[in-house]
Amino acid sequence: MTPTPVTEQSINQAADLLRRGELVAFPTETVYGLGGDAANPAAVAKIFAAKGRPADHPLIVHIASAEQLTEWAVEIPDAALKLAAQFWPGPLTMILNKRPDVPDAVTGGQTTIAVRVPSNPVALQLLQAFGGGIAAPSANRFGRISPTQAGHVAEELGDRVACILDGGACSVGVESTIIDLSDGQPAILRPGRITRSQLKAALGTEVRLSPQSKIRAPGMLAVHYAPNTMALLCPADTLIAMTDELCGQGKRIGILAFTPAIAGIPCPNLIKLPEQAEHYESALYSALRELDSRQLDTILIEQPPDSEAWAAVNDRLSKATV
Ligand code: TXA
Ligand code: MG
């Protein structure tokens, strides 16, 4: 499937495809989504089939504005309205109690639902043209690296999708922050660009980090977002020795660096990412995908700092490495 340039006409055509129960891949500010009509169980079933995703893993419903929340959720707490006012449209997904009429296929049979209003203009135009909710996981095959460019979606899904809207590279580059607001104790299920401190400040309450949630979130599986090539996370001070050792064994290695010391290692398969956390985050998946395509034996990833700014990156790297 060749990606389609974005025009008013192609957005309207994509909205029509959604109405007919077809799948449309579209850009969001985080990663590309594989969208289907959230109110149509047959369309939702197609999403699971195209991704190769187990049917009990719930999807995120994308909506055009917070005003549509009541079409999907009940018992919406003030906290959700506060967060919506501050962070939507944007890379934040909220888990709320679902309306009884939401198809079970969307939520994997759970009593809660994930919703978000994306800020990417193409995503918003598509949502407005379509009118309803678009269920969309990341547009990759299950367990693989999320796509941040239209070409990645074509590689992942080929003709399993009716249309790929090409909105260029995603600005955030990692999946949305997920906060569970379904039981009165806000908890982060997946770190993202919107940080725990920002959420705490907006809510004026504690926000737990929930590595082992009672609720299913495939992004929380230990191995996820993984390249096919073996990837290892190495502190800068051991990475050089590790490179020497593996090269000495005749191994073809790739390096993902961000500090000048490591970026200076003479290695044909070294990619230097930005030193600033947000810029690194934006470039991470496409760099991993690129190294993964080069038939290497091992990818060595320079370990980022253990600070809040790097929380989303560290979460994804820990899942991409052995
Ligand atoms: O940035 C994003 O969130 C992207 C773009 C396309 O919006 N979407 C995305 O979708 O990352 P996906 O399906 O790859 O990840 C959605 C995550 C999964 O970990 C899923 O389990 C979790 O949201 N989730 C969905 N519904 C849930 C629920 N009711 N309770 C807990 N987690 C839920
Ligand atoms: Mg995903």
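Only one of GLU278, GLU245 is under 26 Å from ALA139 (Cβ atoms) and of a type outside the set (A, V, I, L, M); which? Result of the check over GLU278, GLU245: GLU278.
Does ARG144 meet the test of being under 15 Å from GLY33 (Cβ atoms), at pLDDT below 95 and in the same structural domain as LEU189 (by TED's automatic domain parsing)? Considered against the rule, which asks whether it is under 15 Å from GLY33 (Cβ atoms), at pLDDT below 95 and in the same structural domain as LEU189 (by TED's automatic domain parsing), ARG144 comes out as yes. If the requirement is being of a type in the set (D, E, K, R) and either under 21 Å from VAL313 (Cα atoms) or not assigned by TED's automatic domain parsing to the domain that holds ALA311 (or both), which of these qualifies: ASP237, ASP244? It is ASP237. For ALA80, the conditions (1) surrounded by fewer than 21 Cβ atoms within 10 Å (Cβ to Cβ); (2) over 30 Å from LEU157 (Cα atoms) all hold with the exception of (1).
Scanning segment 40-54 for residues that are out of contact with any Asp or Glu (no Cβ under 9 Å at 6 or more places or on another chain) and more than 15 Å from ligand 2 (Cβ to nearest atom) turns up ASN40, ALA42, ALA45, ALA49. For residues that are aliphatic (A, V, I, L, M) and not in a strand (DSSP E or B), tally how many sit in segment 24-33. Total satisfying the criteria: 1.
A quick yes/no check of all residues on (1) free of Cβ contacts under 8 Å to residues at least 24 places away in the same chain; (2) closer than 30 Å to LEU284 by Cα; (3) in contact with a Leu (Cβ under 8 Å, 6 or more places away or on another chain):
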{"site": "SER10", "(1), (2), (3)": "no, yes, yes"}
{"site": "ALA15", "(1), (2), (3)": "no, no, yes"}
{"site": "LEU23", "(1), (2), (3)": "no, yes, yes"}
{"site": "PRO27", "(1), (2), (3)": "no, yes, yes"}
{"site": "TYR32", "(1), (2), (3)": "no, yes, no"}
{"site": "GLY35", "(1), (2), (3)": "no, yes, yes"}
{"site": "ALA38", "(1), (2), (3)": "no, yes, yes"}
{"site": "ALA42", "(1), (2), (3)": "yes, no, no"}
{"site": "ILE47", "(1), (2), (3)": "no, yes, yes"}
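The values are calculated or read from the model by the stated rules, or taken from the named source; none is laboratory data. Keep in mind the model is a prediction, meaning the values are calculated, not measured. Reconstructed Cβ throughout: ideal geometry from the backbone, glycine too, with neighbour counts over all protein chains shown.
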